[in-house]
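Trainee: If you scroll down you'll find the structure; I have some questions about it.
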Amino acid sequence: MIPTLKLLPDASYHAELHARLTAARRRVYVSMFLFSPRWYDKTINLMADFTAASQRGLQCRMVLSAAPIKIGKRRPNQEAAQRLLNAGWQVKVMAGNRTLHEKLILIDDAIVLFGSHNLAWTSISTNFELSVCIEDPDLNRQAEALFWQRWKLASDPDPNTWELVTPLDLPFVP
């Protein structure tokens, strides 16, 4: 199979991710620095897309950074983790001496999305971002091996120990 590649600048990433999540049939694995589940454009609802994937019976796992991220008074990764757990996802957090900063999404056995996009409103409203969607089973297998390495290093979310250091304040953008 010849890999297909698609550059995804700015908001095109979220449209592509929505389409891929809607079409997913087996699994969705995510390793992400920031997932802010609150959006100000109601036409884009990635939390609903992730929830629907789980409700369709897909295997859904996410590793989120335990970096001390704060937007306004909210802790977006903690909120996202709780909402995903409630939706049937398996969620772990990466803490320790190194920050999980990657933005990787694997869908089924061939789709790999990676690049600079976080799952956050700022990725389409204030930042210039660039990611790529590659359809290639070989690359998907390589990325899956990396995902499982991260999964084994991560731990279950614990609200008593998550983000004990001073939060990194990010600008609040409505």
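Trainee: So, of the residues in the range 111-169 that are aliphatic (A, V, I, L, M) and modelled with pLDDT under 80, which turns out to be farthest from residue 99 (Cα to Cα)? Steps first, answer last, please.
Mentor: Taking the range 111-169 first, the residues aliphatic (A, V, I, L, M) are 111-113, 119-120, 124, 130, 132, 134, 139, 143, 145-146, 153-154, 164-165, 168.
If we keep only those that are modelled with pLDDT under 80 too, we end up with 124, 164-165, 168.
Working: 124: 23, 164: 14, 165: 13, 168: 13 Å.
Taking the candidates together, the pick is 124.
Trainee: Anything in the range 97-120 that is out of contact with any strand residue (DSSP E or B) (no Cβ under 9 Å at 6 or more places or on another chain) and of a type outside the set (S, T, N, Q)? List them, or say none. Explain how you work it out, then say what you get.
Mentor: Of the residues in the range 97-120, the ones out of contact with any strand residue (DSSP E or B) (no Cβ under 9 Å at 6 or more places or on another chain) are 97-98.
Answer for the range 97-120, where residues must be out of contact with any strand residue (DSSP E or B) (no Cβ under 9 Å at 6 or more places or on another chain) and of a type outside the set (S, T, N, Q): just 98.
Trainee: Continuing with the same structure: Please pick out the residue among 43, 51, 4 that is out of contact with any strand residue (DSSP E or B) (no Cβ under 8 Å at 6 or more places or on another chain) and modelled with pLDDT of 90 or more.
Mentor: Working: 43 fails: modelled with pLDDT of 90 or more; 4 fails: out of contact with any strand residue (DSSP E or B) (no Cβ under 8 Å at 6 or more places or on another chain).
The unique qualifying residue is 51.
Trainee: Can you give me the number of residues within the range 129-152 that are among the hydrophobic types (A, V, I, L, M, F, W, C) and part of a helix (DSSP H, G or I)?
Mentor: Pass one, the range 129-152, residues among the hydrophobic types (A, V, I, L, M, F, W, C): 130, 132-134, 139, 143, 145-148, 151.
From what is left, the residues that are part of a helix (DSSP H, G or I) are 139, 143, 145-148, 151.
Of the residues in the range 129-152, 7 are among the hydrophobic types (A, V, I, L, M, F, W, C) and part of a helix (DSSP H, G or I).
Trainee: Looking only at strands (runs of 3 or more DSSP E) that fall completely inside the range 1-65, which ones have 2 or more residues that are crowded, with 16+ Cβ neighbours inside 10 Å?
Mentor: Working: elements: 4-9, 27-32, 59-65.
The qualifying strands (runs of 3 or more DSSP E) are 27-32, 59-65.
Trainee: If you don't mind, another one. Does the range 90-127 hold any residues that are closer than 16 Å to residue 21 by Cα, acidic (Asp, Glu) and buried (at least 16 other Cβ atoms within 10 Å of the Cβ), and which are they?
Mentor: The answer is 108, and nothing else.
The values are calculated or read from the model by the stated rules, or taken from the named source; none is laboratory data. Predicted model only: the values in this text are computed from it and were never measured. So basically every Cβ, Gly included, is an ideal-geometry build from the backbone, and we count neighbours across all protein chains shown.
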